[in-house]
Amino acid sequence: MELFTDTHKAELHERGYTLLPSVFSAEDMIALAANIERQQQAHEAQLREMGGTGGISRADEITFSDHLAERDPAIEAFARRPEFVAITNAVLGGDVDLYWNQSVFKMPEGAKEFPWHQDDAYTPVTPSPYLTLWLSLNGATVENGTVSVMPESHKQGLVEHTPSPIGLVCHDAADPDQGVAIEVPAGGIAAFWSTTMHKSGVNSSKGIRKAFILQYSKAPLALIATGEPVENQIALTRGGVPVKA
């Protein structure tokens, strides 16, 4: 059975997003979450030793841990799985890199959303857009703060963002149009472009909402600001063939 169908492609290109509700098993997600949590703990300990902070992370509400695949061979192996090769080859072509990866954990009974933004706004790159694969580790619902997207917003290209204490913002949370919430079962993926506006809601549940974000790009990728190549990416495929670690 084809993993990423013509329907998925049409939805991604027309709406800016699509849902793959069942990609990985519950066992896969339990194992991946355990590896991620070990890396999170190590990273937090390192930050404490250095006297640093977690950037826009808020320990009581939302935490981010980036470059997990670069720090853990098991997580890197997961990011190279055939499912990702199939999806990215269908969308991006045969030369693909893992550009960015991070965990995003929303704590229970948080009080704030993570604001509307486009991923491209944080670091504009070319070629754009790249592909965000928002993987739910334990089930993402409206109650626990799943991701919402703004349909067809990718067609606007990169829009103006304003800074806030919790990240860049491109759409007002008070606007009547708050897009579409995508509930993602554990092991499922919400796929959307780096120019698709998205946010995540408040976690009003009693448990942690766990997600792992993998962003794949066409290779080579360059910084728009300087024209310099983006370094230290993980090569996924060349000519459609998986690259060995």
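Rule-based calculations on the coordinates, nothing more; no lab input. Everything numeric in this text was worked out from a predicted model, so none of it was measured. Here the Cβ positions follow ideal geometry from the backbone for every residue, glycine too, while neighbour counts run over all protein chains shown.
Scalar couplings 3J(HN,Hα) for the stretch 226-243, obtained by applying the Karplus form with A = 6.51, B = -1.76, C = 1.60 to θ = phi - 60°, are 10, x, 7, x, 6, 9, 6, 7, 9, 6, 9, 9, 9, x, x, 9, x, 8 Hz; x denotes Gly and Pro. Between Glu70 and Ala10, the modelled labels are 4.0 nm apart [label points 7 Å from Cα along Cα→Cβ].
What full-extension length gain, to one decimal in nm, is calculated for Ala31 and Ala45 as 0.36 nm per residue of separation minus the Cα-Cα distance?
Working: separation 14, 0.36 × 14 = 5.04 nm, distance 2.17 nm.
My answer for the length gained is 2.9 nm.
Placing a pseudo-label 7 Å from each Cα along the Cα-to-Cβ vector at Val241 and Thr126 gives an inter-label distance of 3.1 nm. Between the C-alpha center of the stretch 84-148 and that of the stretch 187-207 there is a gap of 7 Å. The tail of the calculated P(r) for the stretch 84-193 beyond 23 Å holds 33 percent of all Cα-Cα pairs. Structure note, pairs Lys9/Lys199; Lys155/Lys244; Lys155/Lys199; Lys155/Lys218; Lys9/Lys210; Lys218/Lys244: Cα-Cα distances above 28 angstrom occur for Lys155/Lys244. Around the amide H of Ile224, modelled in the peptide plane, lie the amide H atoms of Val125, Thr126, all under 5 Å away and 5 or more residues distant in sequence or on another chain. Distant-in-sequence amide contacts of Ala140, defined by a placed amide H-H separation under 5 Å and a gap of 5 or more residues or a different chain, comprise Val184, Ala186.
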